[in-house]
Amino acid sequence: MTARGSVSDVISLDDARGALEAERADRRASLQAVVARNPNGKLATKANVMLMDIRAHEEFVAECGDEQTAVDFICAKVISGHSVADVATEFGLSLGLVGAMFGKKPEYEAQLASAQRWVAENYVAQMVGIADGVDEDKQAIAKAGLRLRARKDVAAFYSPGKFGDKAGAGVQVAANITIIHESQ
């Protein structure tokens, strides 16, 4: 039995990127082969959609200049109030490929998490204005309550440690007191 992760298994970052690019090229070639074998089949239709998604993603990254700039752009859109899914839809991108791009590097994931924390801060700041500015009729109060809950939920999702419900935080004390009367 060989040990995993031994020194002989260590490869350079350039080699890892090269291997990843080779794997992507193989995947693209496999999809193209599926289309070539039976261009009118259901599997070919799905393969074509996947190829179109890959092309759209590559064009988006190329239009941004590079992958880091694409990540910066998406994070800026997130900070301005858009979800990653909204950005993907706006630019005709596959949400799965956008997610894979953010998953490539820990720095990208950290950058997105930071953008989402800014969204949480912004939503919490908006909540005071919404609460203070509500009219006194029932319909306006109900609408403001819905807006407040939505912002609270998003803030709690993006920054649970800061804005989430603190269930279990603190100490809960339960005491059972039994009084026994001595009979004489």
Looking only at segment 79-99, which residues are within 10 Å of the chain's Cα centre (by Cα) and not hydroxyl-bearing (Ser, Thr, Tyr)?
-> Val84, Ala85, Leu95, Val98, Gly99
Within segment 74-96, identify whether any single residue is aromatic (Phe, Trp, Tyr), touching a residue at least 24 places away in the same chain (Cβ under 8 Å) and over 20 Å from Val49 (Cα atoms), and answer yes or no.
-> no
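Quick check, is Glu21 part of a helix (DSSP H, G or I), among the charged types (D, E, K, R) and over 30 Å from Val154 (Cβ atoms)?
Numbers: part of a helix (DSSP H, G or I): yes; among the charged types (D, E, K, R): yes; over 30 Å from Val154 (Cβ atoms): yes.
Yes: the conditions hold for Glu21.
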Going by the conditions given, is Glu109 within 26 Å of Asp14 (Cα to Cα), of a type outside the set (A, V, I, L, M), under 18 Å from the mean Cα position of the chain (by Cα) and assigned to a helix (DSSP H, G or I)?
-> yes
Assuming Leu93 fulfils every condition listed in (1) part of a helix (DSSP H, G or I); (2) out of contact with any Gly (no Cβ under 7 Å at 6 or more places or on another chain); (3) among the aliphatic types (A, V, I, L, M) apart from one, which condition is it?
-> (1)
Inside segment 60-89, can you point out the residues that are among the acidic types (Asp, Glu) and farther than 23 Å from Ala155 by Cα?
-> Glu63, Asp66, Glu67
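Residues checked against (1) at pLDDT below 75; (2) surrounded by fewer than 14 Cβ atoms within 10 Å (Cβ to Cβ); (3) in contact with a helix residue (DSSP H, G or I) (Cβ under 8 Å, 6 or more places away or on another chain):
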| residue | (1), (2), (3) |
| --- | --- |
| Ala3 | yes, yes, no |
| Ser8 | yes, yes, no |
| Leu13 | yes, yes, no |
| Ala22 | no, yes, no |
| Leu31 | no, no, yes |
| Asn48 | no, no, yes |
| Met52 | no, yes, no |
| Arg55 | no, yes, no |
| Gly65 | no, yes, no |
In the list Ala88, Ala125, Ala110, which residue meets the criterion of being surrounded by fewer than 14 Cβ atoms within 10 Å (Cβ to Cβ) and under 16 Å from Glu67 (Cβ atoms)?
-> Ala110
Residue by residue through segment 55-68, note down the ones that are in a helix (DSSP H, G or I) and either on the phi > 0 side of the Ramachandran plot or hydrophobic (A, V, I, L, M, F, W, C) (or both).
-> Ala56, Phe60, Val61, Ala62, Cys64
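Rundown of residues vs (1) without any contact (Cβ under 8 Å) to a residue 24 or more places away in the chain; (2) under 30 Å from Met52 (Cα atoms); (3) among the small types (Gly, Ala, Ser); (4) assigned to a helix (DSSP H, G or I), yes/no style:
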position: Ala70; (1), (2), (3), (4): no, yes, yes, yes
position: Phe102; (1), (2), (3), (4): no, yes, no, yes
position: Ala125; (1), (2), (3), (4): yes, no, yes, yes
position: Ala140; (1), (2), (3), (4): yes, no, yes, yes
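The values are calculated or read from the model by the stated rules, or taken from the named source; none is laboratory data. All values reported here derive from a predicted model rather than from experimental measurement. We place every Cβ from the backbone using ideal geometry, glycine too, and count neighbours over all the protein chains shown.
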